[in-house]
Amino acid sequence: MRSKLVLQAYLCFIGVLTALITYQLGINTVNSFSIDLLFFIGLLLANNRRSIETESGAFSLNYPFLLPVMALYGPLAAALVAVIGIMELEEFKQPLAVIIHNRGTIAFSALMGGIAYHSIFTHYGFTLAVTGSALAYLLANTLFFAVAKLVEMLTLDTRDGFLNDLLEILKTLLPSAALGAVFYYTYVYFSVYGLIVSYLFFLALRSQTLFGLLDTTYRLALIKSLLRAVWAKDPELMQHMERVAFFSRELARQYGYSPLKQRALDEACYFHDIGKLEIQDDILKRPGRLTQRQFETIKSHPERGARFIEEIPIPLRNRKTIRNIVLYHHERWDGAGYPYGMEGEQIPLEARIVAVADTWDAMTSHRCYKEALSIPDAITELKRVRGTQLDPAVVDVFLTILDDVLDKERKQASASLMDEKHSFPASW
Ligand SMILES: [Fe+2]
């Protein structure tokens, strides 16, 4: 409780401090105000939930829309537009301290972006001014967000990779600045109508992403049906793939993967053992112990799988995720896995996620060489290999997901039992 109060006090303090600094610095800058500012506020409000997915990460439309305001109306005008425009209804469900913090830091970031633009523009021209102002805006924005996260980590004992967030956002600096420049020029030359046209044109281009999504959905369906045919000899294996995909998707969601990356992961789960297609059935389905040589052959399936997927035209944005899963899903957290003996966070997160889902399913399924474990025994076993074979953090997240799934199953089972009871004839 006390640590929560410390966090809220910190958030309030930063919110008020940044608002005061913004006002003090802002009144000494050159600003002008026009009815067009309402139009920018409208654009920001309408696009608050829209983020642009690129190869290097996702970015919001906030900076691109703020740049023309920073450049043409001044830093304080940009801060005002940002405070009103960059707002989501969801935010009002948050504690007051969060709202104050966000308003103050957003105003401050827009002001910094504007000041950076004008200071650089007078000496070095437009291109460097836009890049510099995007950097100042994103850095200020990310810095406060990162520090708030750090304070939250210190006071509430939560874990999160705030440095990663910072890097992710910096990677989107150039696309964000470039889009800002496009909006700036169309607004300068063709006023609000030009900006609307360029914005609509941009949305039309973005719908390519939608086509990409449909394409991926179609491809995934095709791959699943082809694999279904291939694995038809072994229906249990197909069910295994589906269960691994289900738990991996749930884990990916908990880890905040974007919907596109969740899809890539889903696709990858159907591929993860594709290398086994090249291995003879008498080794794969051998009931007894394998010889060293046979085991070596089995251990070659991740690399065989990786070679296999090289030949499939998977879109660039999914390729890395899928390859990581196919190649590294048998690496172990303690470094004793195969094929490379990577350890800890060297192993890509998506491979650690699939490893947990895969191991769970292997434990709870019947195989020709072993019996299935009961759910409680499998949970005990999973906890035993937590930190040796599997990433302990992913196992913990998995156990909470499993809890929910089992709870749902129990409720469904008791509901159907109740239905049966109610369907008995009255004379019983
Ligand atoms: Fe495998």
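We did not get these values from a lab; they are worked out from the coordinates using the rules stated. Since the structure is predicted, the reported quantities are computational estimates derived from the model, not experimental observations. So basically every Cβ, Gly included, is an ideal-geometry build from the backbone, and we count neighbours across all protein chains shown.
Worth a mention:
- Among the listed pairs LYS149/LYS383; LYS276/LYS320; LYS171/LYS261; LYS4/LYS149, those whose Cα-Cα separation exceeds 22 Å are LYS149/LYS383.
- Residues in segment 61-80 that a label on GLU91 would reach, taking backbone N under 15 Å of a point 7 Å out along Cα→Cβ: 61-63, 66, 78-80
- The modelled label-to-label distance between ASN31 and ILE312, using points 7 Å beyond Cα along the C-beta direction, is 5.5 nm.
- Expressed as a fraction of 2.2 N^0.38 Å, the value expected for a compact globular protein of N residues, the C-alpha radius of gyration of segment 2-206 is 1.01.
- Additional length obtainable on full extension of the chain from ASP396 to PHE201, 0.36 nm per residue less Cα span: 65.7 nm
- Label-point gap, in nm, between HIS366 and TYR340 - each point 7 angstrom along Cα→Cβ: 3.9
- Segment 255-328: Rg to Rh, with Rh as the Kirkwood radius over Cα pairs: 1.08
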